[in-house]
Structures are given as structure tokens and as C-alpha cells.
Amino acid sequence: MNLSLLEEISLHNNLFQGPMPAFNKNVEASFKGNGFCLNHPGPCDHRVTTLLQVAEAFGYPFQLARTWQGNNPCKRWSFITCDSQGKVRTVNLTNLNLNGTISPTFANLTDLRELYLGGNNLTDSIPESLTALSQLKILDVSNNNLSGIVPAFSPNTILNTANNSFLVWSSLSPIESPPAPPLTSLPSPATPSTNKASPTASTTTYHLWIKLGAGAAGSIVGIIVTFGVIVFNSKRRFSLTRDNVKKKKKAG
């Protein structure tokens, strides 16, 4: 850092994270009691860098800062689950009262299989970059304040977007596949013929489908009634003509 007149700085007993800052050699600096990834200036592990960028989008909340310390997220980091090879497999941030947005840098956790973000106060959209997570099996963003178009995830990803009133599904045809009643776990809309849509995101679409269906049914009923009237009148005319022929024969 370029603070030419700085001689002493004390940053101890805070919750600073990430790489330790590098000061000039003549600066006496104290960093004790923080969560820097290393005990000396230098880059953090790529997994740490990614997760701290995720935390940045939430405003570096205290409930993450108090345990997201050090240079290995697989060692005592809350809400993070890794496999035996040190790959981050699950991030579970459910019901933490988080604010902010979903960071697109989640996509850098290429081994991620489950991502739970439900029950918070997250806004903005679901990042398109998350669709690149080829191993993602579950994405739960329910009960937030998200908006925008839901990206097209793999059919293998179970997607729960319930109770996000302003999310819009772009890949579901209301006529070919109407939305189902509310579910707690929703599959991806990537294959509309077999998958369900978000109950909240698709309410308008569902009502539209019902209206269209009712209109079509009314048209069919009208056609049937009209056809019946034509048949009845034809039979009646035929019956009258036959009676007139009989009367003429008797008169002759």
C-alpha cells in the first residue's frame, strides 16, 4: 500500500478475510485476531477466493466471517461440505437472513453438486453462469425476492424457485405443459413435457392456460349443439314430407 507517511497500523481483533495486505517494511503492522487466508501477504487458495467473492455479494455477513477463515474451506468452514479430495460439493446457506445477490462466481466451484440459498432476502436474478456447473444436482433459491428470467439448467438439476414472485420462466409452454400445483422441490423446466414449473413464477401462465382451455371447450360444445339442431331439423322435414305423400295418395 502506498502510504508514504504511515509508520504504524493496528488491525488486530477484527474479522478481516482474504489476503493479508502488504505494507512497506518501515511500517509496524499488527494483524492478530483476524481471518486472513495466510499469515503473510500472498494469494489465497482459489476456493477461498471464490467463496469470499460469494460473501462479498452478501455484504460479508458476520455469520460467514466468523468461520470462513484460513486457506482451506474444507477445514471448519461453516455451511461448506467437501469430499475426501478437498472438492467443495455442497454450499448450504439456507435461512441465514442473508441480503444481497447471488454471485456469478459460484460457477468457479466447478465440483459443486448442491447449492442451497433458500429462506433469505436475496434480490436480482439467478446468474446465467450457474448453468455451467455440470455436476450441479440441486439448486434451491426458494423464498427470496429474486426476479428476472430463470436460466435454462440441465434436466439433471432439481431447481426450486418457489415463492419468488418476480421470477419468469421462459422455456415452458402453457398449452403443451401447464404448471403443476405448488411443490416443495421442483425439477428444471428444460424439458417441458415432463418437468414441473415454479408455482409462483407461473401463476399467470397457469390462469392463461385455463382460460384458453375453457374457450376451446366452449367452442366444441357450440359445434356439437349446432350439429344436433341441424340433424333434428333434417329429420323433422323428412317426416313432414313423408306425411304429405301419404295424404296425397289417400286423396287420389
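The values are calculated or read from the model by the stated rules, or taken from the named source; none is laboratory data. Everything numeric here is computed off the predicted structure, so don't read it as measured data. We place every Cβ from the backbone using ideal geometry, glycine too, and count neighbours over all the protein chains shown. Only protein heavy atoms, including side chains, enter the accessible area calculation; ligands, DNA and RNA are left aside. Shrake-Rupley method; radii C 1.70, N 1.55, O 1.52, S 1.80 Å.
Points worth noting:
- Built amide H within the under 5 Å cut-off of Leu122, gap 5+: Asn145
- Fully extended contour minus Cα-Cα distance, from Thr101 to Leu3, at 0.36 nm per residue: 31.9 nm
- Computed label-point distance, nm, for sites Asp111 and Gln53 using a 7 Å Cα→Cβ extension: 1.8
- Cα-derived Rg over Rh, computed across region 1-83 with Rh taken as Kirkwood radius: 1.01
- Accessible surface area normalised per residue over region 1-101 is 60 Å², counting heavy atoms of protein chains with a 1.4 Å rolling probe.
- Each label point was placed 7 Å from the Cα along the Cα-to-Cβ direction; for Asn145 and Arg76 their separation is 3.6 nm.
- Vicinal HN-Hα couplings computed from phi for region 75-89 (Karplus, 6.51 cos²θ - 1.76 cosθ + 1.60; Hz; Gly/Pro x): 10, 6, 8, 5, 6, 10, 10, 10, 8, 5, 9, x, 8, 6, 9
- Linear extension gain, Ser170 paired with Gln85, 0.36 nm per residue minus alpha-carbon span: 26.8 nm
- Under-5 Å amide H pairs with Ala29, H placed in peptide plane, nonlocal only: Ile9
- Cα-centre dipole for region 1-115 with unit charges at Cβ (Lys and Arg positive, Asp and Glu negative), debye to 20: 340
- Distant-in-sequence amide contacts of Asn163, defined by a placed amide H-H separation under 5 Å and a gap of 5 or more residues or a different chain, comprise Asn143, Thr200, Ala201.
- Candidates Leu38, Tyr60, Thr81 compared by Cα position along the dipole of region 1-81: farthest toward the positive end lies Thr81, with charges placed on Cβ.
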